1. Do we have A202 as closer than 30 Å to K87 by Cβ and open to solvent by 20 Å² or more (accessible area, probe 1.4 Å) here?
2. Test A75 against the criterion of being within 16 Å of ligand 2 (Cβ to nearest atom), surrounded by 16 or more Cβ atoms within 10 Å (Cβ to Cβ) and outside the structural domain of G256 (by TED's automatic domain parsing), and give yes or no.
3. Could you tell me whether any residue of region 338-349 is among the polar types (S, T, N, Q), farther than 25 Å from S223 by Cα, within 17 Å of the chain's Cα centre (by Cα) and modelled with pLDDT of 95 or more?
4. Do the conditions hold for R50, that is, is it without any contact (Cβ under 8 Å) to a residue 60 or more places away in the chain, basic (K, R) and crowded, with 18+ Cβ neighbours inside 10 Å?
5. Here is a check on your reading of the model: is T172 of a type in the set (V, I, T), touching a residue at least 60 places away in the same chain (Cβ under 8 Å), farther than 17 Å from G237 by Cα and within 16 Å of ligand 2 (Cβ to nearest atom)?
6. Do we have M218 as within 16 Å of ligand 1 (Cβ to nearest atom) and open to solvent by 40 Å² or more (accessible area, probe 1.4 Å) here?
7. Look through L229, L177, L196 and report the one residue that is away from ligand 1 (no atom under 12 Å from the Cβ) and touching a helix residue (DSSP H, G or I) at 6+ places or on another chain (Cβ under 6 Å).
Amino acid sequence: MGYRILETDDIPAYLSERGHWEDLDDIAVREVSDGNMNRVFLASSADGTRSLAVKQALPWVRVAGPSWPMNPNRADAEARAYEQIAKVAPDEIPAVHGYDSENYTLVMEDMSDLEVLRTLLNEGASYGPHTSARIGELVARLSFATSDFGMPSAERKALIAASVSPELCKITEDVVLSEPYLEHEHNHWHEGVADLAVSFRADAELRTEVAELRHLFMTGAQSLLHGDLHTGSVMVGTRDGAPVVRVFDPEFSFVGPIGFDLGLYWANALVSEERARALGGLTDHADQLRLSWEAFETEFRRLWPARVDTFFDDAYLDRFLRKVWTESLGYAGTEVIRRIIGFAHLTDLTTLEDPVGASRRALLIGRELIVRRRELTDVESVRAVVRVT
Ligand code: SR1
Ligand code: MG
């Protein structure tokens, strides 16, 4: 039949055809699309005992429409990423009930009892003790398992080949890792940061450092990444009295530098901290970089003795983790900057009555993380940057 774009009214028959739903007299569907790229529907029975999420990739960027075409086969990357993550962290992703590669559609667990982390933080909630640690642990497990430490060489070459994702990588290479430092129609900013946008474009030191991070993003095939690990890609809540953390939306997944995943999470934590500071609502924001890094490092070191290639010795592990730390700081800086003067701004700042102070602080912190990343050798030195900015 070929690819067809699903509308709300198509979902009952679609789920029935695919064997996911039997009683078509007992199904209600609503569209809950929220991210920049795709459509999402929730189907549920009247008594709420049965529910599913249906996510379809459109042939364009959802928020831009047909003027920004995008191959819907990005859903293949998302389905592949979920398969890999399920091997190492099955409890930290939604259950995937099926993938339809003809319609680029995933049928998944309904997570509407959970909340998007960004939404909660914007409402003034704390992270709590579990969220960032679970994120750090997930990144460690996924990155170790899909690195040359966790996977035999030939198998890994096949993973790299299967995970090539040119269109989505190009989005990141453009909107995160170059456009904010150039004149580009995607860029926009609040007039209160216009001077910083101008000065960043003229900043040769900053540009060269971003060029290095961009080149590493293009060439550094360290591990399979989530690829877009911001606080809008994380859901949190409680089930049966236990904390739940679910990472979703890995459509930007490819084999790249591990620091890109950690860096995106850190950037979004830092911006969230600036929102909270502006509102006088700081809680545990300052702990999140440390919690995620410590969990990442601890888990990576725990897995190390099981490495498949023991030519990589313990001294190399120390060196490798230092490199991941430094690169993570750099990517954190690039993500902060693009979210304020580039494409796809963050509601953390755009919903502030006066976003200027928080935005200026975040931009300056972002620049420091990029240009001084090699001298920021521990969590305390990063906190010092935040304090003195
Ligand atoms: C055109 S896509 C813009 C952004 O949305 C996604 O969530 C990624 O962050 C991407 O950079
Ligand atoms: Mg997304």
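1. It is false that A202 is closer than 30 Å to K87 by Cβ and open to solvent by 20 Å² or more (accessible area, probe 1.4 Å).
2. Working: within 16 Å of ligand 2 (Cβ to nearest atom): yes; surrounded by 16 or more Cβ atoms within 10 Å (Cβ to Cβ): yes; outside the structural domain of G256 (by TED's automatic domain parsing): yes.
When the stated conditions are applied, A75 passes them.
3. Pass one, region 338-349, residues among the polar types (S, T, N, Q): 347.
Narrowing the set further to residues that are farther than 25 Å from S223 by Cα leaves 347.
Those left that are additionally within 17 Å of the chain's Cα centre (by Cα): 347.
From the residues that got through so far, the ones that are modelled with pLDDT of 95 or more too are 347.
Checked against the condition, which is being among the polar types (S, T, N, Q), farther than 25 Å from S223 by Cα, within 17 Å of the chain's Cα centre (by Cα) and modelled with pLDDT of 95 or more, region 338-349 yields at least one hit.
4. no
5. Working: of a type in the set (V, I, T): yes; touching a residue at least 60 places away in the same chain (Cβ under 8 Å): yes; farther than 17 Å from G237 by Cα: yes; within 16 Å of ligand 2 (Cβ to nearest atom): yes.
Criteria met by T172.
6. yes
7. Among L229, L177, L196, only L196 is away from ligand 1 (no atom under 12 Å from the Cβ) and touching a helix residue (DSSP H, G or I) at 6+ places or on another chain (Cβ under 6 Å).
Table: residues versus (1) part of a loop (DSSP other than H, G, I, E, B); (2) within 25 Å of the chain's Cα centre (by Cα); (3) not charged (D, E, K, R).
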| site | (1), (2), (3) |
| --- | --- |
| W21 | yes, no, yes |
| D26 | yes, no, no |
| L42 | no, yes, yes |
| A53 | no, yes, yes |
| Q56 | no, yes, yes |
| V63 | yes, yes, yes |
| N71 | yes, yes, yes |
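The values are calculated or read from the model by the stated rules, or taken from the named source; none is laboratory data. Since the model is a prediction, treat every value here as computed from it, not as a measurement. All Cβ positions, glycine included, derive from the backbone under ideal geometry; neighbour counts span all protein chains shown. Calculation scope for accessible area: heavy atoms of the full protein, side chains included, ligands and nucleic acids excluded. Shrake-Rupley method; radii C 1.70, N 1.55, O 1.52, S 1.80 Å.
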